[in-house]
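Take a look at the structure below.
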């Protein structure tokens, strides 16, 4: 039995530009078989029984809701900002809880060990104090003033810098980060991950970017992001248990994990427990 | 020398790795294999009608098979890597280059299936992959009895570089390496070579560097 | 008590400074050897975010998790959290420790505190470990004439004594092979045993 709160959320199910005619993209959402296809110029998402799902097209992706949408899809104002390049990075399947995929995206402390010499490197492993809040107005989790030393923060970066980050959980399986833009110090690069929960232990992840970078070829930008995300994949597939434990005590966080603590609390409070483990096994 | 490259391709990685170990600089041209399928587009097919990656271009020379590229790089910049000191050794290296194609068709396809959602019979890919790993494990076990750690002879050759990527990335396709101790130690020996570079799915051997004595304070950077 | 000890590999396959995956009954383990040769077996799970410690790395007398570099001493206690270099990790952060010993070239694991009682495998030389996709019950098919004593199956191959130490992993079985004969021959014979057992399971 899937909680109504889970069913009433929006989830990414395809890259809009890649949707073709029937049979289109045959996939799953929250354990239900669905098809995403083009019919008379319109993108349709339907269940195996032929019933159609609520659909919206945003940020290059097709979003669907299995229940009754509780609200509009979250805004990313930077997506409409002039001068930004929007980059769809394709999809990667990962054998893990969709919530673990999001939590990993919110994590900085792993950079030196998993994204070695790119997003982090020993001895620069310290995570300073940063601020975390659950914003009641937008109902989102935010982390701000996050600083970390990075050898190559972006494809366009030419050396090590202390990067500033902001993290934002915009939906149970979608998160956005804002980080120092190497080409435009007064602006933020925006990177999202949109996670499609196929089942509680299997997801497909769509990285997406909105950057100020006119110079780097598209393929280089995509490959940089894919390189980063695929470095995480072997971690995500080897966490035990596969489900994200929401009970404190099953996993031990520290101050560097404040974003993840808030994310877990927010999920629990909202009853968004698809992909989560409630009772310590 | 220009390599048309895709960061997640095991075959492209063979060439990047070989070049790094030889100290040869490659100009990498990123091809949007996924999601753009640029390798199937007309412009790329004009370069390589087969529509496959990698492609190596050096002056008038254009190569489309990764094993041929390994031979070319080793011939030009590190002949010891050819492993051809005797007729038998040269032939055995060729045997492994052919074997590496089986690894790509089994473990490599299982990885594409599980990671990039390629179609195909995943059970058949994995079964064929396990067969390959068992053959490799048996070979490496006997090599270790003889005091060797690389596929042929006492030093690494293009045979090791051709086989390593799809073996090391087997877990990406749902095939465990836990059952193959000799393969594990062979893989470690390659990862510890001077100049070795990783690709996503193959982590740095952090133990090769000592633990940092002091961590610089973030506010001082 | 000897039934509590589960063979987890051959000493020759776990050199100094290396970690590997292991098992004890249903539990998954990380087994590692420090720079000075000290063996440890822990639950294969970093207490921080559940990452498998068998993917980690050994530096000196410590094992670190590949995910965030949390570092543990041979007693299982966390000694370093790289994200907080100035912090002394609380004593509560500790890997779950098993007993781990080696004898006659075989690595054995049992719950902490188990009395050490191991089969005598002296006089035999370690050959290799082979994993068979079958359950323990299917082994008899590949080992005609072998006699089982607990986890050890003993017999003769071409006139030479052979012992196979069985690691039951549920859906599969790992055979840790030792023998008095030529190692290459025994290694190839083990491939044949696996084929026989697995063909029997498929048939």
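No lab work stands behind these numbers, since they all come straight from the coordinates. All of these numbers come straight from a predicted model, not from anything done at the bench. Cβ atoms come from the backbone with ideal geometry, glycine included; neighbour counts cover every protein chain shown.
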task: Mark the label point 7 Å from the Cα of residue C:116 along Cα→Cβ and return the residues of segment C:68-95 whose backbone N is within less than 16 Å of it.
output: none
task: Kindly list the residues of segment B:5-34 that lie in the label zone of residue B:76, defined by a backbone N under 17 Å from the point 7 Å along the Cα-to-C-beta vector.
output: B:5, B:12-29
task: Could you tell me which of rounded, prolate or oblate describes segment A:4-65, using a ≥ b ≥ c as the square roots of the eigenvalues of the alpha-carbon gyration tensor, with rounded for a/c under 1.5 and, failing that, prolate when a/b is larger than b/c and oblate otherwise?
output: oblate
- prompt: When you take every Cα atom in segment A:81-277, what is the radius of gyration, and what is Dmax, the widest Cα pair distance, in Å?
  reply: 16.0, 48
At q = 0.12 Å⁻¹, base-10 log of I(q)/I(0) for segment B:2-79 (Debye sum, equal scatterers on each alpha carbon): -0.30
statement: With the protein assembly as shown reduced to its Cα atoms and the Debye formula applied, log10 I(q)/I(0) at q = 0.07, 0.08 1/Å amounts to -0.51, -0.67
task: With a Förster radius of 45 Å, plug the Cβ-Cβ distance of residue B:193 and residue C:87 into 1/(1 + (r/R0)^6) and report the FRET value to the nearest 0.05.
output: 0.80
field: Full-stretch length increase - residue B:43, residue B:176 - with 0.36 nm per residue and alpha-carbon distance subtracted
entry: 44.0 nm
For segment C:125-202, fraction of C-alpha pairs farther apart than 20 Å, in %: 20 percent
- request: With all distinct Cα pairs included, what does the Kirkwood hydrodynamic radius of segment A:1-155 come out to in Å, to one decimal, could you say?
  value: 18.5 Å
- request: For chain B, with a Gaussian network of springs between Cα atoms less than 10 Å apart, report the residue from B:192, B:110, B:19 with the top mean-square fluctuation.
  value: B:192
message: Highest mean first, how do A:98-104, A:256-262, C:43-49 rank when packing is the count of other Cβ atoms within 10 Å averaged over residues?
response: A:98-104, C:43-49, A:256-262
field: Rg and Dmax of segment C:2-111, Cα atoms only, in Å
entry: 13.4, 45
- prompt: Using bins 5 angstrom wide from zero, how does P(r) for segment C:68-203 break down, in % of all Cα pairs?
  reply: 2, 9, 16, 17, 13, 10, 9, 8, 7, 5, 3, 1, 0
- request: Using Cα centres only, tell me the gap between segment C:54-84 and segment A:126-174 in whole Å.
  value: 26 Å
Sum of -39500 (n - 2.57) over DSSP H runs of 4+, divided by residues of chain A (222 nm, nearest 500): -5000 deg cm²/dmol
task: Return the calculated 222 nm mean residue ellipticity for chain B, to the nearest 500 deg cm²/dmol, obtained by summing -39500 (n - 2.57) across DSSP H runs with n ≥ 4 and dividing by the residue count.
output: -14500 deg cm²/dmol
- request: Between residue C:38 and residue A:266, take the C-beta separation as r, use R0 = 35 Å, and let me know the FRET efficiency to the nearest 0.05.
  value: 0.20
- line: For segment A:142-281, averaging the sequence separation of alpha carbon pairs under 8 Å that lie six or more residues apart and dividing by its residue count, the contact order in percent is 17 percent
field: Debye-sum result for segment A:44-120 in log10 I(q)/I(0), which assumes one identical scatterer on each alpha carbon, at q = 0.23 Å⁻¹
entry: -1.26
- prompt: In nanometres, what is the gap between the two model label sites at residue A:80 and residue C:4, each 7 Å from Cα along Cα-to-Cβ?
  reply: 6.8 nm
query: Along its principal axes, what span do the Cα atoms of segment A:172-260 show, with the longest given first and each in whole Å?
result: 46, 29, 21
Distance in nm between pseudo-label sites at residue C:135 and residue C:61 (7 Å out along the Cβ direction from Cα): 4.4 nm
task: Please report the relative contact order for chain B, taking Cα pairs under 8 Å with a sequence separation of at least 6, and give it as a percent rounded to a whole number.
output: 22 percent
message: What does DSSP give for the protein assembly as shown in terms of the percent of beta bridges that are antiparallel, rounded to the nearest 5?
response: 95 percent
query: What fraction of the Cα pairs in segment B:104-167, stated in percent, has a spacing above 13 angstrom?
result: 65 percent
statement: With the 8 Å Cα cutoff and a minimum separation of six or more residues, chain C has a relative contact order in percent of 19 percent
query: Between A:248, A:77, A:217, which gets the highest mean-square fluctuation from a Gaussian network model of chain A, Cα cutoff 10 Å?
result: A:77
- prompt: So for the pair residue A:95, residue A:145, with labels modelled 7 Å out along Cα→Cβ, what separation do we get in nm?
  reply: 4.3 nm
query: Over segment B:81-191, what lengths in whole Å, largest first, do the semi-axes of the equivalent ellipsoid take, defined as the square roots of 5 times the eigenvalues of the alpha-carbon gyration tensor?
result: 25, 15, 11
Cβ-Cβ FRET estimate between residue B:146 and residue C:168, R0 fixed at 41 Å, reported to 0.05: 0.80
